[in-house]
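Chemist: Here you go, one structure.
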Amino acid sequence: MSQGRDESGRFEETVTEQEILKVFDYEDDPVLTAPEVAEGLRRFGKQITSEGIRSRLEQMADKELVSRKKLGARAVGWWAEVAPELDAETADRVDARKESDEWEAL
């Protein structure tokens with residue numbers, strides 16, 4: 001078995017859909033190209049090629065998690081249709097605050 005492949009020889013996914021969605025959340029521009037998404041993932045310590053991220057974005061578009069628009073002869077812009085899910089610890093903290101008065105102190 002070579003690096004990055006599972007036991008049947010298929011490439012293993014090393015970047016989750018949630019991590020890809022998180023890139024859109026962190027960037028100032030809501031519309032990103034595949035190379036910009038790949039660069040954003042590198043800031044989170046994830047390595048993926050522009051071709052790899054393009055393929056993943058296509059799969060996510062089929063699930064209606066992201067959308068795309070052709071921006072020029074070769075450029076495609078992508079944007080998230082959904083927000084990334086909160087990690088379990090953050091979700092627990094939000095749930096704990098729902099019933100408290102912390103939210104009213106604005």
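Chemist: Treat segment 21-74 as a sphere of radius equal to its Kirkwood radius over Cα pairs and apply Stokes-Einstein at 20 °C in a medium of 1.002 mPa s; give the translational diffusion coefficient in µm²/s, rounded to a whole number.
Modeler: Values: Rh = 11.6 Å.
The Stokes-Einstein estimate is 185 µm²/s.
Chemist: Rank these for me by crowding, SER100, SER55, going from fewest to most other beta carbons within 10 Å.
Modeler: Ordered from fewest to most neighbouring Cβ atoms within 10 Å, SER100, SER55 come out as SER100, SER55.
Chemist: Tell me the relative contact order for segment 17-98 as a rounded percent, counting alpha carbon contacts under 8 Å between residues six or more apart.
Modeler: Details: 85 pairs, mean separation 26.2, N = 82.
About 32 percent, as a whole number.
Computed from the coordinates by the stated procedures, all read-outs in this text should not be read as laboratory data. Note that the coordinates shown come from a computational prediction; the quantities given were computed from them, not determined experimentally. Heads up, the Cβs are rebuilt from the backbone with ideal geometry, glycines too, and the neighbour counts pull from every protein chain shown.
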